[in-house]
Structure formats: C-alpha cells, structure tokens
Amino acid sequence: MTAVLEIAGLQKTYRSRKGVRRALDGFDMTVEAGQVHGFLGPNGSGKTTTLRTLLGLIKPNGGRMAILGREVPESLPEVAGQVGAIVESPQFFGNFTAQDTLSLLADAGGVRKERVVAVLELVGLRDRSKDRVKTYSLGMKQRLAVASALLKEPKLLILDEPANGLDPGGIREMRTLMRNLAESGMTVVLSSHILGEIQLICDSVTIISAGRRVAAGSVADVLKTHTSSSVKVGLEAGVDMRPAIELLRANGAQVSVEHDHFTVGNAGNPAQITRILAERGIYVSELTPMSADLESVFLELTGTAPVEGQNRQVDQTAAATPASGGWGQ
Amino acid sequence: MSLYSAETRRLTKRRFTKLFILGVTLILAAVAVGMFFTNEKVGPSQIASAQAQAQQDYQRSQEQFGRDMADCRAAQGTDRAGNWPPGCEGMVEPTPDDFQAQWYMPPTFDFLENFPDMVTTLAALLALVAFIVGASFVGAEWSSGGMMNLLLWRPQRLRVLGTKLVALLAFFTALTVVFSAVWTGLFYLIAQARGSTEGLTSGAWQSIGLMELRGLVLVIVAGAVGFGLASLGRHTAMALGVTIGALIVFQFGLGTVLSLAEVKFAEAYLIPIWMIAWMDKEVKVEDYNSCDFSSASGCVPDSLTLTWPMAGGILAGVFVLVVVAAMWTMRSRDVT
C-alpha cells in the first residue's frame with residue numbers, strides 16, 4: 001500500500017517566560033491510502049499541533065512530513081487542492097448563509113460551483129443552506145465544516161473531532177459517510193475522543209501522548225499488542241476461592257478478587273493457572289481471556305485512566321511502555 | 001484571480017461594510033442638503049439689499065459716533081470726563097469701508113472657493129470608513145478562525161493576505177472615485193443653483209482633480225493601515241485600540257506636553273496638521289512665542305511651512321511600515 005501521509009521525527013517546541021514546552025517530541029505517523037485512520041490522544045497531547053503543522057499553519061522545529069508523496073510544507077500549495085481538512089471547530093461568519101460560505105470557499109479554491117450543492121446534500125444541510133449560519137446548532141455547524149472539507153473532492157480528508165456536537169443519529173450518519181468515502185478511495189484521518197466510534201470505523205490508529213507516538217497500526221494489532229493479558233478464572237460452585245488465590249499469588253500472579261470469580265492480570269500463559277491449581281486438587285470451571293477495548297488500551301498507553309482520590313491535570317500523561325510478556329511465560 | 005474575486009465578494013457581502021457605506025452616504029447626503037439650504041444665489045436684489053443694509057448700519061454708527069462725541073465734549077471739565085478719552089482724542093469716526101456690502105451678503109456657494117473644503121470632508125469621512133472596514137475585514141477573519149479556514153484552502157500566507165489587502169484597496173479606490181465624481185457633480189449643481197461656478201478654468205479643474213487624487217491616496221493609506229494593524233494584532237480591536245491610543249498620546253498628551261514645554265512649532269508634531277498639509281498642499285505653522293522684528297512690519301512670528309510632499313513622505317512611510325510588518329508577521333508567526 002502507498003503511504004498518503006508520512007510524518008517522521010516531528011518536533012515543535014514552544015518557548016515562553018515559563019520555560020520550554022515540547023508540544024511534539026519526535027512524533028511519527030503513517031497513513032496508508034484508502035484507510036480510515038484514527039488519530040487519538042488525550043487533551044494537550046499534540047494532536048491539533050500535529051494537524052496544524054501538517055497543514056502549514058504551524059512551523060515545526062524539526063522532522064519530516066509528506067502528503068501524497070510530496071514533502072510539506074514546501075509542496076503544500078500543490079497538494080492543498082487534494083487535501084480537505086477541518087482543524088478544531090472552524091467558525092464561520094454568522095451572517096453568511098451556508099451556501100454563501102461554501103460558495104466563497106469554492107471561489108477561493110477554484111472549485112466548481114456544483115460541488116457546493118452536492119456537499120450540502122451529502123452532509124444533510126440542503127434544506128437549511130439558505131439560512132444564516134448563526135441560526136445553526138453546533139451539530140449543523142459541524143456538518144457545514146465537514147462539507148467545506150469535502151468541497152474539493154479531496155484524496156486525503158483530515159477531520160478534527162467531526163462528531164463534536166452531533167446527536168446520536170448524526171454520529172451514525174457521520175460514521176456511514178466516513179465509511180462510504182473510504183470505500184470510494186478517499187483516505188480519511190479522524191481525530192476523535194469517542195473511542196467506541198474510532199474502534200467501529202477505523203482501519204488503523206495512531207495514539208499520541210506527550211508529543212510522542214505510543215502506539216500505531218491496525219486497530220486489531222493495537223488491541224492485540226496492548227491487550228492486558230488478563231484472564232477471568234472461575235472455580236466450581238461451592239469451592240472456596242481463597243486457597244487458590246493465595247497459591248497463585250505465591251507463584252507471582254497479580255490477582256484481583258471479584259464477587260464470584262477472580263482475575264489474573266498478568267497471565268501470559270493461562271495454562272500455568274490450571275496446572276498450579278490442579279496440582280493442589282483445585283479445578284477451574286471457567287478460564288476466559290479478557291479482551292481489551294480501545295478505550296482501555298488508550299487509557300493504559302496514555303496514562304490518563306482516572307485514579308480514585310486524584311484529580312488528573314491536563315498535561316499529566318505518561319508515555320507508557322507497551323507491556324511485553326507477563327507472568328507464566 | 002479566483003481568490004481576488006472571492007475576497008471582493010466577501011468584502012461586499014459583509015453587513016459591516018454595507019452599514020458603514022450606507023452611514024457615510026447618509027452623512028454626505030446630509031452635508032450636501034445642508035449646503036443647498038444654507039446657501040443662496042446672489043443676484044442684483046441681494047447685492048442691493050446688502051448695500052442698503054451696510055449703508056444703514058454705517059449711518060447708525062455715524063449717528064452714534066456723533067452722540068458720543070457730543071457727550072464727551074459736554075463732559076470735559078466735569079467729573080464724568082474720566083469716562084471718555086482725554087480731550088476726546090482717539091475716538092475714531094466710522095468710515096464707509098467699515099461697513100462693506102460684501103459682509104452683508106447672504107451665504108453663497110462659490111464652487112472655486114468652497115469646494116476644496118468639501119473635498120477634504122469627503123476624503124476624511126471615506127478614510128475613516130476605509131480604516132474601520134479594513135480593520136474589521138481582516139480582524140474578524142482572524143478572530144473568528146476564518147483566516148485559518150482560508151489558509152487550509154490556500155496555504156500561501158502572503159498571497160492570501162496580499163490578495164485580501166488588494167481587494168480591499170481596489171474596492172475603496174473604486175468607491176472613492178465614484179463618490180468623488182458624484183460629490184463633484186452634486187456640488188457643481190449646488191453652486192449653479194445656490195452660488196457661483198465662476199472662474200472654473202481648466203487649471204482650476206486640474207487643481208480640484210489633483211486634490212481629489214490626494215484624497216484618494218489618504219483613503220487608501222487609511223484602509224491599508226487599519227487592515228495592517230488589525231492583521232498584526234489579529235483582531236479588529238487592535239487597530240481601533242492603536243488608533244485611539246495614538247490619538248490620545250499624540251493629539252492630547254504630546255500636544256499638552258509640547259505646549260507646556262513651549263516647544264517651537266508644537267503643532268507640527270500633531271497628526272491633523274499633516275492631513276491638512278496633504279489635502280491643502282501646504283500649511284503654515286507659526287511660533288507665537290518668537291518675534292522677528294522689522295521696522296516695516298513689526299513683530300512677525302517664526303513660521304514653518306509644511307508641504308504636501310513632506311506629508312506624502314510621512315503617509316508613504318506609515319503605509320510601508322504597517323503593511324511590511326503585517327506581511328512579515330503573517331509569514332513568520334504560527335496560526336493558532
């Protein structure tokens with residue numbers, strides 16, 4: 001597959017009287033053609049800085065970027081016609097109608113006028129296109145933003161939080177739209193905090209934390225690589241769980257006790273559990289690998305999982321080292 | 001070209017632009033209507049009436065003088081003599097020259113004499129509108145995120161800002177040319193109906209044309225400065241704030257300090273005098289604290305003549321400084 005977007009070693013440093021802050025610290029990212037790619041990261045991790053730098057709005061301090069095989073920002077004017085983007089929630093003049101807004105952008109970008117009607121239809125704003133933007137809800141403005149990004153019939157579509165403000169129906173429509181666009185050959189990069197959505201519609205993801213890439217690859221691979229290798233263990237009814245738990249803990253297992261079962265958190269080789277318990281005459285009735293979802297992987301990798309009794313601050317993230325191996329291996 | 005036409009459309013579609021142009025049109029219309037109704041054509045009957053009134057006032061004044069002289073003489077040698085000049089000397093008898101008929105004439109619009117003030121009025125108003133609309137045109141784009149949106153479409157920062165500026169200046173050039181033509185025609189008609197169009201030689205028309213051209217330059221510089229300041233601060237309020245600050249510092253603060261310090265030609269440090277020098281071709285600033293004595297004319301204050309090339313140099317300097325600074329920051333600063 002061809003890489004539509006490549007970022008290598010991207011660096012951006014902000015200097016102020018308070019000191020130096022590395023917004024991007026050697027960030028890497030690759031997006032293959034025709035994919036829907038999720039770009040995830042907690043607040044302040046560098047997502048928007050990355051997108052702005054890629055689109056020429058911010059000058060990087062180092063690194064290399066390429067869009068559709070052309071180095072940017074040098075070749076940005078040439079490739080801009082093939083890149084549709086919304087960065088954060090763009091604001092539009094409230095007194096202009098959606099039709100005016102898109103028509104002015106089409107004029108500025110040399111796009112055919114017919115596209116204006118087509119994209120308004122596509123995002124579901126056809127009947128409200130003559131209304132002033134200031135009468136729109138947040139979700140409608142978001143639809144207009146997506147329409148503006150689609151106006152150019154781009155090969156690469158970059159959307160920062162496109163589902164922001166959309167109702168459940170709108171989110172589902174957006175999901176279908178992204179899928180259809182990808183099927184038509186368009187590559188979509190999607191930044192979002194709605195991890196369930198990303199898991200549903202993305203082929204691949206990149207996770208950023210503290211300005212660095214902490215995970216990348218297909219959604220399945222990321223889940224597999226970063227899955228917590230936890231195993232749910234159930235014993236026969238009426239059997240006391242305590243001896244089994246003490247036995248496993250004595251062998252180095254991380255056990256957490258639930259109501260009617262317990263979980264071994266670092267079970268790299270679940271067969272060890274059955275062997276150790278069977279040797280003492282304790283037999284398991286259930287041994288289920290616990291599958292991780294994108295949310296738990298995200299929280300683990302970015303170190304942003306809520307901790308009881310603590311108030312996490314915005315920049316408080318951890319570029320966690322991916323787990324490798326585990327007890328029993 | 002597509003970017004240019006998009007920017008022109010964006011400018012003319014803005015409600016802010018429409019409101020300000022409507023406002024300035026109404027103000028100019030009010031000035032024209034006011035001039036029409038406060039002036040009248042001078043004919044033989046107005047001249048005769050003015051002469052009669054001048055003669056009447058002269059006679060009344062002479063009669064008063066006669067009564068005063070009689071009172072003065074009667075008071076000589078009494079304790080009332082102190083109320084009058086000693087020996088009644090120094091009491092000046094009025095002459096017919098003190099009551100010239102022209103001073104009794106009704107106001108009349110002499111195109112050659114009065115229209116230059118109207119050209120200055122038009123240029124000042126349009127310059128103000130150009131400044132505010134220019135500042136808002138780019139300032140609103142910056143503060144609303146519209147500029148970022150535009151740069152995503154056209155990632156050529158200087159071209160985007162430059163095209164925006166050119167569209168703004170071209171619009172105000174066209175507007176000023178049209179308004180100047182209508183303004184000239186309107187006041188020519190007012191002069192014909194309510195005054196005089198005498199002395200309008202080709203040289204006079206050329207002079208009016210050049211003055212209107214200087215007015216156009218003033219409008220362009222004001223628009224560019226408003227645009228540049230708002231772009232530097234990335235907000236409309238930046239341009240308005242700088243202007244209000246400059247007015248307070250230069251016009252009131254510096255003016256007061258300079259006059260307290262009795263600085264020579266203090267007026268020359270203030271902005272309006274340079275605008276007048278630009279529009280009227282020259283203006284003379286006098287230092288009333290000095291005295292060049294000559295036996296022929298007595299004490300004459302020192303004077304400094306500010307000319308239109310000097311004022312033009314300042315306008316060009318401000319224009320280049322603000323536009324270059326705006327372009328440089330556009331090129332180098334991150335868009336966040």
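Would you tell me the mean number of C-beta atoms belonging to other protein chains that fall within 10 Å of each C-beta in A:57-65, as a whole number?
Details: counts 9, 4, 4, 0, 0, 0, 0, 0, 0.
Mean partner-chain Cβ count within 10 Å for A:57-65: 2.
By how many degrees, 0 to 90 and rounded to 10, does the Cα axis of helix B:44-75 deviate from the longest principal axis of chain B?
Helix B:44-75 sits at roughly 50 degrees to that axis.
Using label points projected 7 Å from each Cα along Cα→Cβ, tell me how many nm separate B:Thr12 and A:Ser75, to one decimal.
My value for the distance between the label points is 3.9 nm.
Hey, any idea what % of chain B's accessible area is carbon plus sulfur with a 1.4 Å probe?
Working: 11200 of 17370 Å².
C and S fraction of accessible area: 64 percent.
Heavy atoms of the protein only, probe of 1.4 Å, neighbouring chains included. What is the accessible area of A:Asp221 in Å², nearest 10?
Probe radius 1.4 Å; accessible area of A:Asp221 about 80 Å².
Would you mind checking which residues have amide H under 5 Å from A:Val214's amide H? H placed 1.01 Å from N; only 5 or more apart, or other chain.
A:Ile207, A:Ile208, A:Ser209
How much accessible area does B:Tyr58 have with a 1.4 Å probe, in Å² rounded to the nearest 10?
Approximately 30 Å² for this residue.
Tell me the label-point distance for the pair A:Arg64, A:Arg22, using the 7 Å Cα-to-Cβ offset, in nm and rounded to one decimal.
Label at A:Arg64, label at A:Arg22, 2.0 nm between them.
For B:Ser136, B:Ser202, A:Ser285, what's the largest-to-smallest order of accessible area, 1.4 Å probe? Numbers along the way, then the final one.
Values: B:Ser136 5, B:Ser202 100, A:Ser285 80 Å².
Output order, biggest surface exposure first: B:Ser202, A:Ser285, B:Ser136.
Give the accessible area for A:Glu6 in Å² (nearest 10); use a 1.4 Å probe, count only protein heavy atoms, and leave out ligands, DNA and RNA.
60 Å²
Got a sec? What order do B:His235, A:His37 fall in by accessible area at 1.4 Å, biggest, i.e. largest, first?
Details: B:His235 85, A:His37 5 Å².
Most to least solvent-accessible, the answer reads B:His235, A:His37.
Distance between Cα centroids, the stretch A:77-114 to the stretch B:120-143: provide it in whole Å.
Between the Cα centre of the stretch A:77-114 and that of the stretch B:120-143, the gap is 25 Å.
Buried by at least 50 Å² relative to the chain on its own: which residues of the stretch B:288-336 qualify, computing accessible area with a 1.4 Å probe on protein heavy atoms?
B:Asp334
List, in the order given, every pair from A:Lys12/A:Lys47; A:Lys12/B:Lys164; B:Lys13/B:Lys164; A:Lys134/B:Lys164 whose Cα-Cα distance in the structure shown is over 19 Å. Spell out each step's value before the answer.
Values: A:Lys12/A:Lys47 12 Å; A:Lys12/B:Lys164 29 Å; B:Lys13/B:Lys164 14 Å; A:Lys134/B:Lys164 24 Å.
Beyond 19 Å between Cα atoms: A:Lys12/B:Lys164; A:Lys134/B:Lys164.
How many Cβ atoms of partner chains, on average, are near each residue of B:142-150 if near means within 10 Å of its Cβ? Walk me through the numbers before you get to the answer.
Details: counts 0, 1, 5, 6, 8, 1, 8, 12, 4.
So the per-residue partner count for this stretch is 5.
For the stretch B:1-62 and the stretch A:176-222, compute the distance between their C-alpha centroids and round to whole Å.
66 Å
Considering only chain A, what is the antiparallel percent among its DSSP beta bridges, to the nearest 5? Present the calculation step by step, with values, prior to reporting the outcome.
Working: 37 of 55 bridges.
The antiparallel fraction comes to roughly 65 percent.
Per residue, how large is the accessible surface of the stretch A:1-75? Use a 1.4 angstrom probe and give square angstrom. Could the numbers behind the result be given before it?
Working: 3260 Å² over 75 residues.
Spelled out: the 1.4 Å probe surface of the stretch A:1-75, per residue, equals 43 Å².
With both partners inside the protein assembly as shown, how many of the DSSP beta bridges are antiparallel, as a percent to the nearest 5?
On the way: 46 of 66 bridges.
If I count the DSSP bridges inside the protein assembly as shown, around 70 percent turn out antiparallel.
Which residues does a label at B:Val33 reach in the stretch B:182-198, if reach means a backbone N under 20 Å from a point 7 Å past the Cα toward the Cβ?
Those under the cut-off are B:182-195.
What average number of partner chain Cβ atoms lie no more than 10 Å from the Cβ of the residues making up A:106-113? Write out the running numbers ahead of the final one.
On the way: counts 3, 11, 14, 7, 6, 2, 0, 0.
Averaged over the peptide's residues, the number is 5.
Going by Cα centres, the stretch A:1-32 and the stretch B:272-336 are how many Å apart?
Spelled out, the Cα-based centre of one part sits 50 Å from the other.
Going by the alpha-carbon gyration tensor, a ≥ b ≥ c the square roots of its eigenvalues, is the stretch A:242-292 rounded (a/c under 1.5) or, if a/c is not under 1.5, prolate (a/b greater than b/c) versus oblate? Kindly include the intermediate steps, with their values, before the conclusion.
Working: a/c = 1.34, a/b = 1.27, b/c = 1.06.
Rounded, because the longest to shortest axis ratio a/c is under 1.5.
Once fully extended, how much extra length lies between A:His193 and A:Glu121, figured as 0.36 nm per residue of separation less the alpha-carbon to alpha-carbon distance? Show your work: numbers first, answer last.
Values: separation 72, 0.36 × 72 = 25.92 nm, distance 2.67 nm.
Extending this stretch completely gives an extra 23.2 nm.
What is the angle, in °, between the Cα long axis of helix A:98-109 and the longest principal axis of the Cα atoms in chain A? Nearest 10 is fine, range 0 to 90.
Once rounded, the angle reads 80 degrees.
Based on Cα coordinates alone, diagonalise the gyration tensor for the stretch B:149-237, multiply each eigenvalue by 5, take square roots, and list the semi-axes in whole Å, largest first. Write out the running numbers ahead of the final one.
Working: eigenvalues 303, 27, 26 Å².
Values for the stretch B:149-237, descending: 39, 12, 11 Å.
What nm value, rounded to one decimal, do you get for the distance between A:Asn251 and B:Gln102 when each label is placed 7 Å out toward the C-beta?
12.1 nm
How big is the protein assembly as shown by Rg and Dmax over its Cα atoms, in Å?
Over the protein assembly as shown's Cα set, Rg and Dmax evaluate to 40.1, 151 Å.
Please determine, in degrees from 0 to 90 and to the nearest 10, the orientation of helix A:241-250 with respect to the longest principal axis defined by the Cα atoms of chain A, where the helix direction is its Cα long axis.
In chain A, helix A:241-250 runs at an angle near 80 degrees to the longest axis.
Take every DSSP beta bridge whose two residues both sit in chain B, then give the antiparallel share in percent to the nearest 5. Provide the component values of the computation, followed by the final result.
Numbers: 9 of 11 bridges.
If I count the DSSP bridges inside chain B, around 80 percent turn out antiparallel.
Determine the order of B:Asp79, B:Asp97 by accessible area, beginning with the largest, at a probe radius of 1.4 Å.
On the way: B:Asp79 145, B:Asp97 105 Å².
Descending accessible area places them as B:Asp79, B:Asp97.
At a Förster radius of 41 Å, what calculated FRET efficiency corresponds to the Cβ-Cβ distance of A:Tyr14 and B:Ala181, to the nearest 0.05? Please report the intermediate quantities before stating the final value.
Working: r = 53 Å, r/R0 = 1.29.
With R0 = 41 Å, the Cβ-Cβ based efficiency is 0.20.
The values are calculated or read from the model by the stated rules, or taken from the named source; none is laboratory data. Computed from a prediction, not measured in an experiment: that's the story for all the values here. Here the Cβ is made from the backbone with ideal geometry for all residues, glycine too, and neighbour counts use every protein chain on show. Each accessible area value is taken on the protein alone, full model and side chains, heavy atoms only, with ligands, DNA and RNA left out. Shrake-Rupley method; radii C 1.70, N 1.55, O 1.52, S 1.80 Å.
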